[in-house]
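Contents: one structure, followed by commentary.
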Amino acid sequence: SQWGEENLQALSIQEGEDVTMNCSYKTYTTVVHWYRQDSGRGPALIILIRSNEREKRSGRLRATLDTSSQSSSLSITAAQCEDTAVYFCATAPRGSWQLIFGSGTQLTVMP
Amino acid sequence: NAGVIQTPRHKVTGKGQEATLWCEPISGHSAVFWYRQTIVQGLEFLTYFRNQAPIDDSGMPKERFSAQMPNQSHSTLKIQSTQPQDSAVYLCASSFGGQDTQYFGPGTRLLVL
């Protein structure tokens with residue numbers, strides 16, 4: 001799992017496998033953002049889940065949010081090579097618009 | 001829509017020199033954010049503006065870093081007397097505000113020799 005104090009995690013899977021990345025956060029938040037970052041580019045939002053949503057889906061992506069345990073997960077179904085990227089979770093502290101990013105998970109999907 | 005534009009994409013400076021990084025946010029976005037990314041520290045918040053006004057600079061190193069947003073179409077991050085530890089990718093993002101999606105530029109890779 002990732003958060004700011006942890007080292008960047010690395011996962012390597014085969015194309016077609018499912019994968020889940022976990023994130024825990026320390027401060028109260030009403031929304032968790034999941035971003036992916038491709039090499040040489042800025043992060044791009046892939047899914048955003050709010051505190052009134054326990055689960056959210058977008059294509060092959062599924063995010064969950066458990067506010068009681070302050071944790072979120074991102075799952076990718078039937079991963080493709082193009083899913084290779086670094087995935088970050090991020091939250092905004094109460095009353096602020098800035099994002100606090102987790103340490104990230106480097107996902108490599110091999111053919 | 002060209003997205004968030006950052007210039008230059010790469011900058012190399014000598015220790016002690018000044019570096020100015022530019023960001024053009026997406027038109028219509030009210031918030032502009034600056035982050036710094038390194039292998040060791042990850043993605044760190046530096047500062048942000050709301051409707052051009054500075055709101056929170058709690059992530060900025062106090063002495064040598066400054067940011068401005070003179071108009072709604074661009075923001076600058078200035079680093080005076082650059083040090084090797086300032087080497088990083090500096091990312092600018094903009095959003096409509098609140099906890100809405102932040103759209104990131106490609107970043108400026110700064111290398112201080």
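The values are calculated or read from the model by the stated rules, or taken from the named source; none is laboratory data. Model, not experiment: these values are computed from the prediction. Note: ideal-geometry Cβ built from the backbone for every residue, glycine included; neighbour counts use all protein chains shown. For the accessible areas, the whole protein counts, side chains as well, though only heavy atoms, and no ligand, DNA or RNA atoms are used. Shrake-Rupley method; radii C 1.70, N 1.55, O 1.52, S 1.80 Å.
Miscellaneous remarks
- Check on B:Gly59, without any contact (Cβ under 8 Å) to a residue 60 or more places away in the chain, among the small types (Gly, Ala, Ser) and at the interface with chain A (Cβ under 8 Å from one of its Cβ atoms): yes
- Top-ranked residue of region A:46-56 - restricted to ones that are under 15 Å from A:Ile76 (Cβ atoms) and either touching a helix residue (DSSP H, G or I) at 6+ places or on another chain (Cβ under 6 Å) or open to solvent by 50 Å² or more (accessible area, probe 1.4 Å) (or both), ranked as farthest from the other protein chains (Cβ to nearest Cβ): A:Glu55
- When residues in region B:15-37 are screened for being open to solvent by less than 40 Å² (accessible area, probe 1.4 Å) and either not in a strand (DSSP E or B) or not β-branched (Val, Ile, Thr) (or both), 13 of them pass.
- Taking the numbered list (1) under 21 Å from A:Thr30 (Cα atoms); (2) not in a loop (DSSP other than H, G, I, E, B) in turn, B:Leu46 passes all entries but (1).
- Residue in region A:8-17 that is at pLDDT below 95 and open to solvent by less than 60 Å² (accessible area, probe 1.4 Å) present: no
- Candidates A:Thr77, A:Thr84: the one that is in contact with a strand residue (DSSP E or B) (Cβ under 9 Å, 6 or more places away or on another chain), closer than 23 Å to B:Ile39 by Cβ and more than 14 Å from chain B (Cβ to nearest Cβ) is A:Thr84.
- Among the residues of region B:1-43, the ones that are more than 14 Å from every other protein chain (Cβ to nearest Cβ) and basic (Lys, Arg) come to 2 in all.
- Within the span defined as region B:84-105, one or more residues are away from chain A (no Cβ under 14 Å), open to solvent by less than 20 Å² (accessible area, probe 1.4 Å) and either closer than 23 Å to A:Gln106 by Cβ or modelled with pLDDT of 95 or more (or both).
- Here A:Ser103 passes the criteria (1) in a loop (DSSP other than H, G, I, E, B); (2) out of contact with any Asp or Glu (no Cβ under 6 Å at 6 or more places or on another chain); (3) of a type outside the set (A, V, I, L, M) except the one numbered (2).
- Among the residues listed as B:Ser73, B:Ser81, the single one being out of contact with any strand residue (DSSP E or B) (no Cβ under 8 Å at 6 or more places or on another chain) and open to solvent by 10 Å² or more (accessible area, probe 1.4 Å): B:Ser81
- On inspection, A:Tyr87 qualifies as in contact with a Lys or Arg (Cβ under 8 Å, 6 or more places away or on another chain), under 30 Å from B:Phe49 (Cα atoms) and open to solvent by less than 40 Å² (accessible area, probe 1.4 Å).
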